[in-house]
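**Q** One structure is given below, represented as structure tokens, and several questions about it will come after.
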Amino acid sequence: MYGSATYRVALSGSGMEYEPVIGLEVHCQLLTDSKIFCGCSTRFGAPANTNVCPVCLGMPGTLPVLNRRAVEYALRAALALGCRIEPVSIFARKNYFYPDLPKGYQISMYDRPLAVQGHLDVEAKGETKHVGITRVHMEEDAGKLLHEGFPDSDRASHVDYNRSGVPLIEIVSEPDMRSPEEAHAYYSALRTILVYIGVTDGNMEEGSLRCDANVSLRPRGQSGFGTKAELKNLNSFKFVQHALEYEIRRQTDLLVRGERVTQETRLYDPAEDRTSPMRSKEEAHDYRYFPEPDLLPLQVNEEWIGEVRRWLPELPAARRRRFVAEYGLPEQDAALLTSDRALADYYEAAARAARNAKAAANWVMTEILRKVKEDKIDVDRVPLPPVRLAALIRLVDDGAISGKIAKEVFETIYATGKDPADVVREQGLSQVTDEGAIREAIENVIAQNQSQYAQYKAGKTALLGFFVGQVLKATGGKASPSLVNRLLKERLDRP
Amino acid sequence: MAIAKQEVRHIAKLANLDFSEEEIGRFTQQFNSILEYVARLDALDTSAIEPTSHVDSGSHALRDDVLVPSISREEALANAPESERGHFKVPKVIG
Ligand SMILES: [Zn+2]
């Protein structure tokens, strides 16, 4: 009921409208094998406290050593977002006590982040929206607190530190978004690009991507900012949108009543579809950042940046434009095919080998994506190599098999990995282009359907479709439909 | 810039430390005397000097992304005051 339009409430009498101002902070887990400051595994789902060591447990006297690949992935993400890489960035300690943080501080970056001033162009409601990226910085993840599931969960919490020290980047946007739809579109585009460049698996259920939002309202036309609330726990695209819609409605109601918005952190409850203030951890925001004395400033020179840039793949937006220009695909098809890097790679390989970009697009978008969905697999796990699909497309284009038979052959080659030409030969599926055989089938069909034949002759020519269907059925779908059509018409219209 | 008792109490709280009124008074004095001493540096002209974050100005030592065996769960939990089913057990906190 809190539709996105409802917050445009006019103040009675004044005609004032409020405009939401939204910025997102996204945490993204990097796909390294080992943690950011120690050699423990980052694998999700290991038994509790088995991927831990003195470093990530925060034992006194241990020293962190930075993972080179974590830096490379962070740089890759920053470059993909058009950021300027800082030649020197500095790790800092963010101090607070919470049991998921074994050291009593989190190693993060504060006033000297890794990269600044990027942007991401996103499509929302048919328009391109330019969203600025304030900064990208590196930090370590905290452990996982379990509040339920133990016999004494009513009086104790339990901690698993496997996640402690997993490398993260935090991507902070400018407050450039003006609606929940834009925030949703930005988050979605950000996930696509991060997965595309291979720095994260983007798995939101496993927490590989997490999102907080800052939202405030201001009278439309005003350039200053209103008091903002920070929303936590927006762990799916849907939650981002719903939580923002609720919160904008809540703040609008306050302002319309002449009350003030309190600056606070609010937690989104998906079950209730509402936000409520987090029980304030008293003085929690006094983090007393200071430079991490155990880690020297991180220096990234031009040579390193150049190396990372060379490994950066073609980004989704550029690839989408190229698919439209190079393969003549409709914008929507190009967008779908480039939404996932493995899918785009698969499509391109099939399109090139088949020398029929449109047919390849149709096969990939319908049949391959159907299989991916049915079998619940990722595109890079599709057992059918793209060249096999291309061979099938060529069999159709060469007139060797009909489109209908091609769907059957597809099922076989998908399941067996066989060459489609072999399947066609073994199963005798070649298209019947022998006019004699088709004429024979036509005569049999007419003989068996005398009444329909009589009606046709009496002028009910719409029955042609019925006869085509019967003949195709009689030939096991192997007859070329255009040939059947022509021969039938000849025979039926014969005086 | 003198420090008041209120700020000492605040810092103690952030550090999860409990002090008596007598201690708070003593630490307030000590804080102030330390700060006064350090404030002598303000007499120097540092306008031409780059801020320093670290004593060592060398470049970062990086490690390759290679797994190193973790310690056993028993070892990990050995110093924990309390543990349960492979987890560290802590006083109840709200998530
Ligand atoms: Zn470790």
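The values are calculated or read from the model by the stated rules, or taken from the named source; none is laboratory data. As the structure is a prediction and not an experimental result, all values here were calculated from the model. Please note: Cβ atoms are built from the backbone with ideal geometry, for glycine as well, and neighbour counts cover all protein chains shown. These area figures cover heavy atoms from the full protein model, side chains too; ligands, DNA and RNA do not enter into them. Shrake-Rupley method; radii C 1.70, N 1.55, O 1.52, S 1.80 Å.
Quick grid of which residues meet (1) assigned to a strand (DSSP E or B); (2) of a type outside the set (S, T, N, Q); (3) assigned by TED's automatic domain parsing to the domain that holds A:Thr42; (4) buried (at least 16 other Cβ atoms within 10 Å of the Cβ):
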position	(1), (2), (3), (4)
A:Glu148	no, yes, yes, no
A:Asp154	no, yes, yes, no
A:Leu168	yes, yes, yes, yes
A:Val172	yes, yes, yes, yes
A:Glu182	no, yes, yes, yes
A:Ala185	no, yes, yes, yes
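**Q** A:Glu264 is checked against (1) touching a Pro at 6+ places or on another chain (Cβ under 9 Å); (2) surrounded by 15 or more Cβ atoms within 10 Å (Cβ to Cβ) and fails just one. What number does that condition carry?
**A** Against the list (1) touching a Pro at 6+ places or on another chain (Cβ under 9 Å); (2) surrounded by 15 or more Cβ atoms within 10 Å (Cβ to Cβ), A:Glu264 comes up short only on (2).
**Q** Return the residues of segment A:57-74 that are facing another protein chain (nearest Cβ under 7 Å) and near the ligand (Cβ under 10 Å from one of its atoms); say none if nothing qualifies.
**A** Residue satisfying the conditions is A:Leu57 alone.
**Q** Moving on to the next point. Of A:Lys478, A:Lys473, A:Lys407, A:Lys489, which residue is without any contact (Cβ under 8 Å) to a residue 12 or more places away in the chain and out of contact with any Pro (no Cβ under 8 Å at 6 or more places or on another chain)?
**A** A:Lys473
**Q** Could you say whether any residue in segment A:36-56 is more than 16 Å from the ligand (Cβ to nearest atom), within 25 Å of A:Ile197 (Cα to Cα) and assigned to a strand (DSSP E or B)?
**A** No, segment A:36-56 contains no residue that is more than 16 Å from the ligand (Cβ to nearest atom), within 25 Å of A:Ile197 (Cα to Cα) and assigned to a strand (DSSP E or B).
**Q** Go over the candidates B:Ala48, B:Ala80 one by one and state the one that is within 23 Å of A:Cys40 (Cα to Cα), in a loop (DSSP other than H, G, I, E, B) and more than 8 Å from every other protein chain (Cβ to nearest Cβ).
**A** Answer to the check: B:Ala80.
**Q** Of all the residues that make up segment A:320-356, how many are open to solvent by 20 Å² or more (accessible area, probe 1.4 Å) and either more than 23 Å from A:Arg191 (Cβ to Cβ) or in the same structural domain as A:Glu123 (by TED's automatic domain parsing) (or both)?
**A** Qualifying residue count, segment A:320-356: 10.
**Q** While we're here: What do you reckon, is A:Arg310 assigned to a helix (DSSP H, G or I), over 20 Å from the mean Cα position of the chain (by Cα), at pLDDT below 95 and closer than 30 Å to A:Pro113 by Cβ?
**A** Taking the combined requirement at face value, the residue satisfies it.
**Q** Kindly provide the set of residues from segment B:6-45 that are open to solvent by 80 Å² or more (accessible area, probe 1.4 Å) and within 14 Å of chain A (Cβ to nearest Cβ), ordered by number.
**A** Within segment B:6-45, B:Gln6, B:Glu7, B:Arg9, B:Lys13, B:Asn16, B:Leu17, B:Asp18 meet the criteria.
**Q** Name the residues in segment A:446-470 that are surrounded by fewer than 13 Cβ atoms within 10 Å (Cβ to Cβ) and part of a helix (DSSP H, G or I), would you?
**A** Of everything in segment A:446-470, those that are surrounded by fewer than 13 Cβ atoms within 10 Å (Cβ to Cβ) and part of a helix (DSSP H, G or I) turn out to be A:Ala447, A:Gln448, A:Gln450, A:Ser451, A:Ala454, A:Ala462, A:Gly465.
**Q** Can you tell me how many residues within segment A:151-163 are polar (S, T, N, Q) and either more than 16 Å from the ligand (Cβ to nearest atom) or farther than 16 Å from B:Ser72 by Cα (or both)?
**A** Counting residues in segment A:151-163 that are polar (S, T, N, Q) and either more than 16 Å from the ligand (Cβ to nearest atom) or farther than 16 Å from B:Ser72 by Cα (or both) gives 2.
**Q** From the set of residues in segment B:51-77 that are surrounded by fewer than 14 Cβ atoms within 10 Å (Cβ to Cβ) and facing another protein chain (nearest Cβ under 7 Å), which is farthest from A:Gln299 (Cα to Cα)?
**A** Taking the candidates together, the pick is B:Val68.
**Q** Pairs, please: C-beta under 7 Å, at least 6 apart or cross-chain, first residue at positive phi and in segment A:30-52, second more than 8 Å from the ligand (Cβ to nearest atom)?
**A** The qualifying pairs are A:Asn49/A:Asp160; A:Asn49/A:Tyr161; A:Asn49/A:Asn162; A:Asn49/B:Arg73; A:Asn49/B:Ala76; A:Asn49/B:Leu77; A:Asn49/B:Gly86; A:Asn49/B:His87.
**Q** State yes or no: is A:Arg249 open to solvent by 40 Å² or more (accessible area, probe 1.4 Å) and within 23 Å of A:Glu181 (Cα to Cα)?
**A** Taking the combined requirement at face value, the residue satisfies it.
**Q** Condition first: under 19 Å from A:Ala318 (Cα atoms) and polar (S, T, N, Q). Now tell me which residues in segment A:332-370 satisfy that.
**A** Correct list: A:Gln332, A:Thr338, A:Ser339.
**Q** Sort through A:Val396, A:Val379, A:Val387, A:Val364 and tell me the only one that's within 16 Å of A:Leu329 (Cβ to Cβ) and not assigned by TED's automatic domain parsing to the domain that holds A:Asp201.
**A** Result of the check over A:Val396, A:Val379, A:Val387, A:Val364: A:Val364.
**Q** Please go through segment A:373-402 and give me each residue that is assigned to a helix (DSSP H, G or I) and open to solvent by 20 Å² or more (accessible area, probe 1.4 Å), ordered by number.
**A** Of everything in segment A:373-402, those that are assigned to a helix (DSSP H, G or I) and open to solvent by 20 Å² or more (accessible area, probe 1.4 Å) turn out to be A:Lys373, A:Glu374, A:Asp380, A:Arg381, A:Pro386, A:Val387, A:Arg388, A:Ala391, A:Arg394, A:Leu395, A:Val396, A:Asp397.
**Q** Sticking with this structure for a sec: Please work out which residue is farthest from the other protein chains (Cβ to nearest Cβ), limiting yourself to segment A:116-133 and to residues that are in contact with a strand residue (DSSP E or B) (Cβ under 6 Å, 6 or more places away or on another chain) and surrounded by fewer than 20 Cβ atoms within 10 Å (Cβ to Cβ).
**A** Top of the filtered list is A:Thr128.
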